There are 2 protein chains.
Amino acid sequence: MTTISFARGIPAPECLPVADLADCAKAALERDGSVALSYGSTLGYAPLREWLGEQHGVDPTRVLVTNGSLQAFHFVLDALVGNGSRVLVERPTYDRPRKILNSAGVELVEIPVDDDGLDVDAVELALEGRPAPAFLYTIPTFQNPTGSTLSAVRRRRLAELVRSRRQPVLEDDPYGLVRFEGEPLPSLFELEGGTDVMYSSSFSKTIAPGLRVGYAIVPEALASELEEHVASTYITPALLSQATVYEFLRRGLFEPNLERVRGLLKARRDAMLEALDRELAGEARWNHPEGGYFLWLELPEGGDASELLARARDVGVTFVPGPDFGGPPASARLAFSFVSPAEIDEGVRRLARLVAAPAPV
Amino acid sequence: MTTISFARGIPAPECLPVADLADCAKAALERDGSVALSYGSTLGYAPLREWLGEQHGVDPTRVLVTNGSLQAFHFVLDALVGNGSRVLVERPTYDRPRKILNSAGVELVEIPVDDDGLDVDAVELALEGRPAPAFLYTIPTFQNPTGSTLSAVRRRRLAELVRSRRQPVLEDDPYGLVRFEGEPLPSLFELEGGTDVMYSSSFSKTIAPGLRVGYAIVPEALASELEEHVASTYITPALLSQATVYEFLRRGLFEPNLERVRGLLKARRDAMLEALDRELAGEARWNHPEGGYFLWLELPEGGDASELLARARDVGVTFVPGPDFGGPPASARLAFSFVSPAEIDEGVRRLARLVAAPAPV
């Protein structure tokens, strides 16, 4: 029995535009090999920085292209945070930044997330605390792990709040473009104007994760300040990937590929929602994200997702229990991004039998 | 007037095998795109780890392939060093690790380097100090910045010493294969057996630096211990570069390319030695490295390389003053790797006029 993974937050293999990237990699080196194969582009491959600057309406000097956006998170963190700093994060939130912040000796101030995203009242309250938070880390769109999205109303309120307080924010937006339906919402970065809101994203969900091409848009002073730190970390990022992504963009392959990926992922989300409706209606609750990789499952009161996972493994299905992200014991992250619609159907069936069955004492 | 750079320790553009790498990048993705474009290879692209393991006679689980070897230095540092640790380094040594160690709050214990490399008596003495050094960082072959090489006799003595003391060592060997003449010497890693000596190198000098493919061979326990830290830093390294390097190796392109690169660099070193002999004999001293990127210039007693650099810039030639690497004021690193033999000839001519001329008061 093959294990069906609702744990892996990665794209299904058919999402990866392998043949196009193979052509782009070759063309990128043929066109600009002497730059892409040498040192020197500390803050990223210049044509890609320019493209991203244009895309986001900022000067390219404000764009850092890094080996994946987690690396950009580290750079921002190192620049903004000292030992004992307070950092606001969502609860639950992406486990890697949580762990990184914890091991940086930072005080995590956790703000609840519901189906409309971050609780802005709670943010406002937290901003009263001292010392002032070094930054707020938020994933407002198709959040990891919950799949929830900050509503238009809360988005505007949050943007207004951070603008009036000059509160630094890191908006992490890897999933925003992976929307299957509904109207796109403006980013916090756009609403606030990009003065105190920094923005990070990547091509991991829109092209391919193994390329490790992420980026951040930061204030110009911070970008210059980071240059030496970046050079001291890895001299120059991996430019072949960055030049390949640029070639992919330049050939106009990005939009058609994104449409294709959206279709593949929507079919998976639909399969999961249908199977949940059929198998677990009345026994558990879940949300209906309009995009992204994940949905959030809430087991009946008193349920224990970690205990459920132990049993689920035995029947060949896995997921990540909510507590791994700071969520409650009865919650779980289900990723629909990786396995096929048919596997999703079967996986939910397996899971449902366990939710219905009494847990062993 | 174009500035002639003896400062840039990077390969001349004609060293880069652009067309072959373009083919290899395409073939690598066509052959193994679904792996190379996804997450999961935390410690590096598996076929490359296997190739390197075989090359160095170790299990591939001991090989970490990273985004350039400086990143591997950070990982080893984070694992071995706490605040207040003592670390032995050469004096002078590569400026980046020096800075990184300084900002890590480490006590640097500096061991002199002469034309036969590290002073092993001084190492022995330093090992008596307490606390025991976390590790010794050394570049025994064609060292950056001096170009000097640890002699066969000292190599064996140092290997014996660290073996008997169980003293961790990080042997950094990016230049070892870039030998133009003379017999290759065994690495410390080979002489000691790889128990306490870790080894790092990269494909920056043998294929291309912009690929950012470096690696380290560490004890197996350390490799497992590092896995979570690596994932927490960048999830997965940039795999397109690693798969491209693997394809380059697998096609048998490495050795012929290395021969070609050796030829290009030897011509540059020869041009520099000839010009120095002609222009500066009796006025300065320099060594005759059998490979690598650099040679070490010693100005007459009382000379000041920083002051010389200021004047040199005005006549269109640059280099890095020795003090940047912890060397004496009258020393300088001259890189012959980047500019052409004709430019080297002209650059040394410009420099020599300044050395001969009295410095302004």
Pair list, Cβ < 7 Å and 6+ apart or interchain, from the range A:181-193 residues that are within 23 Å of A:ARG269 (Cβ to Cβ) to residues that are open to solvent by 50 Å² or more (accessible area, probe 1.4 Å) = A:GLU181/A:GLU290; A:GLY182/A:GLU290
B:GLU90 passes all but one of the listed conditions (1) surrounded by fewer than 17 Cβ atoms within 10 Å (Cβ to Cβ); (2) more than 10 Å from every other protein chain (Cβ to nearest Cβ); (3) of a type in the set (Asp, Glu); the exception is number (1)
Selection from the range A:130-143 of residues crowded, with 24+ Cβ neighbours inside 10 Å and either assigned to a loop (DSSP other than H, G, I, E, B) or modelled with pLDDT under 95 (or both) yields A:PRO133, A:ILE139, A:PRO140, A:THR141, A:PHE142, A:GLN143
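Each row is one residue, and each column tells you yes or no for (1) charged (D, E, K, R); (2) in contact with a Pro (Cβ under 7 Å, 6 or more places away or on another chain).
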| site | (1), (2) |
| --- | --- |
| A:ARG156 | yes, no |
| A:SER164 | no, no |
| A:LEU170 | no, no |
| A:GLY176 | no, no |
| A:GLU181 | yes, no |
| A:THR195 | no, no |
| A:SER204 | no, yes |
| A:GLU225 | yes, no |
| A:THR233 | no, no |
Of the residues in the range A:61-87, those that are open to solvent by 10 Å² or more (accessible area, probe 1.4 Å) and touching a strand residue (DSSP E or B) at 6+ places or on another chain (Cβ under 6 Å) come to A:ARG62, A:SER69, A:LEU80, A:ARG86
Under the condition of being aliphatic (A, V, I, L, M) and facing chain A (nearest Cβ under 8 Å), which residue from the range B:232-246 is surrounded by the most Cβ atoms within 10 Å (Cβ to Cβ)?
-> B:LEU239
Return a yes/no flag: does the range B:288-303 have any residue that is under 21 Å from the mean Cα position of the chain (by Cα) and within 14 Å of chain A (Cβ to nearest Cβ).
-> yes
Of the numbered conditions (1) in contact (Cβ under 8 Å) with a residue 40 or more places away in the chain; (2) farther than 28 Å from B:ASP116 by Cβ; (3) surrounded by fewer than 19 Cβ atoms within 10 Å (Cβ to Cβ), B:ASN287 satisfies every one except a single condition; which is it?
-> (2)
Screening A:LEU177, A:LEU161, A:LEU170, A:LEU188 for residues that are more than 21 Å from A:LEU295 (Cα to Cα) and open to solvent by 10 Å² or more (accessible area, probe 1.4 Å) leaves only A:LEU161
Restricting attention to the range B:1-60, the residues that are surrounded by fewer than 22 Cβ atoms within 10 Å (Cβ to Cβ), within 13 Å of chain A (Cβ to nearest Cβ) and at positive phi number exactly 1
Residue selected from the range A:313-325 under the condition open to solvent by less than 40 Å² (accessible area, probe 1.4 Å) and under 26 Å from the mean Cα position of the chain (by Cα), by the criterion nearest to A:GLU90 (Cα to Cα) | A:PHE325
Working only within the range A:93-111, note down all residues that are open to solvent by less than 30 Å² (accessible area, probe 1.4 Å) and of a type outside the set (A, V, I, L, M).
-> A:THR93, A:PRO97
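The values are calculated or read from the model by the stated rules, or taken from the named source; none is laboratory data. Predicted model only: the values in this text are computed from it and were never measured. Cβ atoms come from the backbone with ideal geometry, glycine included; neighbour counts cover every protein chain shown. Areas reflect the complete protein model, heavy atoms only, side chains present, ligands, DNA and RNA absent. Shrake-Rupley method; radii C 1.70, N 1.55, O 1.52, S 1.80 Å.
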